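Presented below is the structure to which this report refers.
The values are calculated or read from the model by the stated rules, or taken from the named source; none is laboratory data. Since the model is a prediction, treat every value here as computed from it, not as a measurement. Here Cβ is always computed from backbone atoms with ideal geometry, including for glycine, and neighbour counts include all displayed protein chains.
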Amino acid sequence: MTTPSSSLDAYLPRIRWSLLLMRIGVFIVMLVWTLDKFVNPAHSAAVFETFYFIPGLEGNVFIVLGVLQLALVLAFVSGVWKRATYGLIAILHGVSTLTPLPLYFDAFNNLLFFAAWPMWAACIALYLLRDLDTQWTLKAS
């Protein structure tokens, strides 16, 4: 008879690889959102005005936000300071998922917004399982 911990041990390599793949997938999306702040600050300004009701932000604000977000997503993909980085990624993505709530009521004209929900679930799963996410991390904390 196997104990629960020994049967879990058999799955740990697959769990770790799965968590790595989720972390890389979330990183790719967050990286593109970050790069958008540098490449197209006007788009970022429109997003902040439309969805966060913060009008009039200038390009320099997005450079600063982009640098901070880049530091966060690089720390996240590296697996360092997991409680903070995984938590902040989950919170930031949660806010961006919930902010356009009215668009979900017109689902068939806003289908791409629904992709945010499984990604948010992946962010939350990564946070909850952060202690098992040790594959290709700089620090297993």
Note to self: So, in the range 21-54, exactly how many residues are under 14 Å from Asp133 (Cα atoms) and in contact with an Asp or Glu (Cβ under 7 Å, 6 or more places away or on another chain)?
What the structure shows: 1
Next item on the list: Could you please find all residues in the range 90-110 being more than 18 Å from the chain's Cα centre (by Cα) and in a helix (DSSP H, G or I)?
Entry: Leu101, Pro102, Leu103, Tyr104, Ala107, Phe108, Asn109
Check: Which of the following residues is of a type in the set (Phe, Trp, Tyr) and either surrounded by fewer than 12 Cβ atoms within 10 Å (Cβ to Cβ) or in contact with a His (Cβ under 9 Å, 6 or more places away or on another chain) (or both): Phe53, Phe48?
Finding: Phe53
Check: Among Phe113, Phe51, Phe62, Phe76, which is within 16 Å of the chain's Cα centre (by Cα) and more than 16 Å from Thr137 (Cα to Cα)?
Finding: Phe113
Check: Leu74 versus (1) over 23 Å from Pro100 (Cα atoms); (2) outside any helix (DSSP H, G or I); (3) aliphatic (A, V, I, L, M): which is the lone unmet condition?
Finding: (2)
Notebook entry, point to check: Which condition number does Thr2 fail, the rest of (1) modelled with pLDDT of 95 or more; (2) among the hydroxyl-bearing types (Ser, Thr, Tyr); (3) out of contact with any Leu (no Cβ under 6 Å at 6 or more places or on another chain) being met?
Noted result: (1)
Item checked: Lone unmet requirement of (1) modelled with pLDDT under 95; (2) surrounded by 12 or more Cβ atoms within 10 Å (Cβ to Cβ); (3) small (Gly, Ala, Ser) for Ala90 -> (1)
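One line per residue, one yes/no per condition, for (1) buried (at least 16 other Cβ atoms within 10 Å of the Cβ); (2) in contact with a Pro (Cβ under 8 Å, 6 or more places away or on another chain); (3) modelled with pLDDT of 95 or more:
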position	(1), (2), (3)
Leu35	no, no, yes
Phe62	yes, yes, yes
Val73	yes, no, yes
Lys82	yes, no, yes
Ala107	no, no, yes
Met119	yes, no, yes
Ala122	yes, no, yes
Trp136	no, no, yes
Next item on the list: Go through the residues of the range 7-29 one by one and say whether even a single one is assigned to a helix (DSSP H, G or I), surrounded by 16 or more Cβ atoms within 10 Å (Cβ to Cβ), in contact with a Cys (Cβ under 9 Å, 6 or more places away or on another chain) and touching a residue at least 12 places away in the same chain (Cβ under 8 Å).
Entry: yes
Item checked: Where a residue in the range 32-44 is of a type in the set (Lys, Arg) and its partner, wherever it lies, is part of a helix (DSSP H, G or I), with Cβ under 8 Å and at least six apart -> Lys37/Ser44; Lys37/Phe62; Lys37/Ile63; Lys37/Leu65; Lys37/Gly66; Lys37/Gln69
Margin query: Among the numbered criteria (1) within 21 Å of Asp131 (Cα to Cα); (2) at pLDDT below 95, which one does Glu58 miss?
Written below: (1)
